[in-house]
Protein chains: 2
Amino acid sequence: MQQEDSRSDGGHPTGRFRNTAYVISKSKPHFDACHAAGLMGIQGRSTTGRAFALGAGPLCGRPEVMDFVRCSYLGLDNHPTIVAGAMDAIEAHRSLHWSCARTRLNFDFLAELETNLSEMLSARVLAFSSVMLANLGAMPLLASGLLTGGRKPVVVFDRTAHISLAYHKPVIADETRVETIAHNDLNALELFCRREPVVAYVCDGVYSMGGNSPIAELRQLQERYGLFLYIDDAHGISLFGRQGEGFARSQFPQGLGDRTIIAASMAKGFGASGGMLMLGTADQESLFRSYSIPYAFSVAPNLAAVGAALGSCKIHRSPELGERQRRLAERIELFDNRIRTAERGNSLPIRMVPVGSETRAIAIARELLDAGFYTSVTFFPTVAQGKAGIRMCITADHEVKDIQRLCDCILEKMASTTSRAQQESMRS
Amino acid sequence: MQQEDSRSDGGHPTGRFRNTAYVISKSKPHFDACHAAGLMGIQGRSTTGRAFALGAGPLCGRPEVMDFVRCSYLGLDNHPTIVAGAMDAIEAHRSLHWSCARTRLNFDFLAELETNLSEMLSARVLAFSSVMLANLGAMPLLASGLLTGGRKPVVVFDRTAHISLAYHKPVIADETRVETIAHNDLNALELFCRREPVVAYVCDGVYSMGGNSPIAELRQLQERYGLFLYIDDAHGISLFGRQGEGFARSQFPQGLGDRTIIAASMAKGFGASGGMLMLGTADQESLFRSYSIPYAFSVAPNLAAVGAALGSCKIHRSPELGERQRRLAERIELFDNRIRTAERGNSLPIRMVPVGSETRAIAIARELLDAGFYTSVTFFPTVAQGKAGIRMCITADHEVKDIQRLCDCILEKMASTTSRAQQESMRS
């Protein structure tokens, strides 16, 4: 890339966005404890449903664990149609991967996939090898002003936007003004909309640590002020909508128009591998197909990912999707009927049991693993310091008894270290 | 991520590194012309060797084209052992992909792959879903000073370092000083080494647009000043060394030590899909396994990629690797004996025929495609403005006659628009 000058301006660090050494110094003891407890960096092999065989070596000797970590919310990641799609695509090409940019040569199946997804989601869909790279490609284009009529926007981030978005703040700040507001702070956002000629808002649709963006209210700001919306709905795709449009896309029934872009996963709820962007206009599509950095300088999803996603499209177009969405909703309700969390009743599959102390959260997660349940212990920098917790991803493929046993187990483990009042407040 | 403050400091854009709108305004006519000429965003299906069937629809009706775009330098991307590795891994798990971070749950095969790669490359190897994400994970850690004894380095970039490195300059500049020097300017680099207590240099091993870093000289600076080296050898892996250590790694025969990290591809010469980092110490490994952003917040290479890479390890450990390295060297020599380029004699597989005018380069690439050869027409921002050219990736799988015919064709097409003196200067 020849676009940067090489002048030596002795630029001192701006220190506005990142302090990697601080993050590491504050969190290393917890990471180390997690690894020592066998909760991080573990190995496994999927067996049936949401179970996996823990560890390595001969399968027969390994304990079977019920998983609540993987985000396969509809239980599709080991669906026979998706697995067959991956195998068939490799078989047809006798290749897995082409080492060239998408601006050059593409698998014919990849074009077929994008056509399928575009029809299904009523948007112009581009596939990427991961959501992180889909976002990386979009952020400089957003900063450039070319998505907002040639005028650079003030780019406003939700404070809890996923790191795959927040990482790019310094890159955007090199080209335009960047601001960060409190989580879902619509008043602060509206103030920017009033004061600034062009504003773009960057947020998650469904937040990976629980909760969601108020899409309806964001649409009102868009209608009133022309707010540009960039929504990462990696955790919301497939869970809602007749063809699995997902949390964010299903709230734009009239189409995305020229002021909304939604990123989503081809994994997670969707069940395959990779990421995607839903665009609203032909101009946007043409811009991304030449200038999205990963599109021009990295690689396409590999052929197994493409084939698996084609398999997932078949499921998304069948009655099975609705059945799985309903099974998921039942299981979320079942959990909510047993354990009271901040997420109760939001019909999303992520639940966080707050613990507070990192050390205690790690101990509880280890006890849950000993009881046969793998959960994610979450702590700084993923959540704030001293706000550690246990995160669970509920899926359509969990058996009712798995959810019930997990809830029993959590209440029991929490009980051993909390007061009776706290225990009562946890029970639904 | 909770690490950033939300103060509104009204930070104005720094404008030091990126000007996306400028790049687009200068290059859009060429991108548009390339798309209109059917040279960009094309589709195909691999057939045999380096040929592919151009377009979509029924295979029998499509023209067959000899490809010089894909970077499968050893011709491994459709090798039966690699394809079988991908299929076997999917079959064993009955899954393609797990939606969770590598800090949580990993395919048992992925641990096996990293063990294999670590032995083969005499380094601590971590696998990533792409080189771009491997680099994204490394850059903030480099900036933090935690790779350089707790002291933040001045991070010096080669001006032509790949965009997957250069993209992160503003992110690094938020934490430490960033400088950019001319391509392979060892004098400028040594000046920084003399003046600054800690310096890190970021460069490609083999440059994607031709040429390479002077690794031996960089090692001398490392020995003299403690220079930290971060080398992206995506295009150099597998091409050299008894087990395919590659261009960069094979020039550190005593091991990487604690001052060198090499990024490489699991695709390109390696023949599978994904990226990797070669680290030198246990402390570095532990740091990356907790704090590399894509490791903690994105996904592992999918199981097809892992299986394909395990297949490629088998080839790397067999005599076939050396045979393919020799076949490649012969074909590069054959090309160099016909056409004189700046890269002649460097034993690397990337060759650039300089054209100059973007419009003329596009016309020549189109004529080559009409003659049955797909090449990459390269122009700004990939190379400087007015320095467009035709890029070819030579592979071990090209037949001798394919190389000869390509060379004939290039000389013929160039002849129609250059003077006799220029023509003579092109012939070897």
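The values are calculated or read from the model by the stated rules, or taken from the named source; none is laboratory data. Note that the structure is a prediction, hence the values are computed from the model and not measured. With ideal geometry, Cβ positions are generated from the backbone for all residues, glycine too; neighbour counts draw on all protein chains shown. Surface accessibility is based on the protein's heavy atoms, side chains included, excluding ligands, DNA and RNA. Shrake-Rupley method; radii C 1.70, N 1.55, O 1.52, S 1.80 Å.
In table form, for the structure just shown:
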quantity	calculated
Accessible area of the protein assembly as shown divided out per residue, in Å², using a probe of 1.4 angstrom	33
Relative contact order of chain A, defined on C-alpha pairs under 8 angstrom at six or more residues apart (%)	22
Mean ellipticity per residue at 222 nm, deg cm²/dmol - from DSSP H runs of n ≥ 4 across chain B, formula -39500 (n - 2.57)	-12500 deg cm²/dmol
Spin-label model distance (nm) - A:S25 vs A:E91, 7 Å beyond Cα toward Cβ	5.8
In the range B:139-187, the trypsin sites (Lys or Arg not before Pro) that fall in loop regions by DSSP, at most 12 other Cβ within 10 Å	B:R151
Average beta-carbon neighbours from other chains, 10 Å sphere, peptide B:286-293	4
Solvent exposure, largest accessible area first (probe 1.4 Å, DNA, RNA and ligands not counted), of A:D283, B:D397, A:D88	A:D283, A:D88, B:D397
Relative intensity, log₁₀ I(q)/I(0), of the range B:186-248 from a Debye sum that treats every alpha carbon as a point, q = 0.13, 0.19, 0.22 Å⁻¹	-0.37, -0.72, -0.88
Interface area, B with A, accessible, probe 1.4 Å, both sides summed, Å² nearest 100	11100
In the range A:201-303, the trypsin sites (Lys or Arg not before Pro) that fall in loop regions by DSSP, at most 12 other Cβ within 10 Å	A:R242
Other-chain or far-sequence residues with amide H under 5 Å of B:F157's (modelled H)	B:E179, B:T180, B:I181, B:V202
Exposure of A:D232 as accessible area (Å², to 10), given a probe of 1.4 Å and all protein chains	10
Cβ neighbours within 10 Å from other chains - mean over B:119-126	0
Other copies of A:N346: label-to-label distances in nm, shortest first, labels 7 Å along the beta-carbon direction	5.2
Efficiency of FRET between B:R420 and B:L59 - r from beta-carbon atoms, R0 60 angstrom, step 0.05	0.85
Accessible area in the full protein assembly, largest first, 1.4 Å probe, for B:L186, B:L146, A:L189	B:L146, B:L186, A:L189
Heavy-atom accessible surface of chain A: percent carbon and sulfur, 1.4 Å	49
Whole-number D in µm² s⁻¹ for the range A:257-349, Kirkwood Cα-pair radius fed into Stokes-Einstein, 37 °C, 0.692 mPa s	205
Length-normalised contact order of the range B:80-316 in % [C-alpha pairs under 8 Å, at least 6 apart]	33
Residue-averaged beta-carbon neighbours from other chains (10 angstrom radius) around A:102-113	6
Estimated distance in nm for a label pair at A:Q385 and A:Q220, the labels positioned 7 Å out from Cα along Cα-to-Cβ	3.8
Per-selection Rg to Rh, the range B:274-428 - Cα, Kirkwood hydrodynamic radius	1.09
Residue with peak Gaussian network fluctuation, chain B [Cα springs, cutoff 10 Å], from B:C60, B:C203, B:C100	B:C60
At 0.692 mPa s and 37 °C, Stokes diffusion of the range B:75-215 via Kirkwood alpha-carbon radius, µm² per second	184
Whole-Å semi-axes of the range A:171-214's equivalent ellipsoid (Cα gyration tensor)	21, 15, 8
Phi-based couplings in Hz for the range B:248-257 (Karplus 6.51, -1.76, 1.60; Gly and Pro marked x)	6, 4, 6, 9, 10, x, 8, x, 7, x
From the C-alpha gyration tensor of the protein assembly as shown, square roots of 5λ in Å	42, 29, 28
When chain B is reduced to its Cα atoms, the Kirkwood hydrodynamic radius in Å	22.8
Spacing of the two label points (7 Å from each Cα toward its C-beta) at A:R317 and A:L334, in nm	3.2
GluC sites (Glu not before Pro) within the range A:334-424, DSSP loop, no more than 13 other Cβ atoms inside 10 Å	A:E399
Solution diffusion estimate, µm²/s, Stokes-Einstein, the range A:80-316, Kirkwood Rh from C-alpha pairs, 37 °C, viscosity 0.692 mPa s	185
Exam field: B:E323 pseudo-label spacings to other copies (7 Å along Cα-Cβ), nanometres	5.1
Principal axis dimensions, the range A:341-427 - Cα atoms, whole angstrom, descending	32, 27, 26
DSSP bridge orientation in the protein assembly as shown - percent antiparallel, rounded to nearest 5	55
Under-5 Å amide H pairs with A:L229, H placed in peptide plane, nonlocal only	A:Y201, A:T260, A:I261
Convex hull volume per residue in cubic angstrom - Cα atoms of the range B:1-111	258
Rounded to 5, the percent of DSSP beta bridges in the range A:80-316 classed as antiparallel	35
The range B:99-162: relative contact order as a whole-number percent, Cα under 8 Å and 6+ apart	14
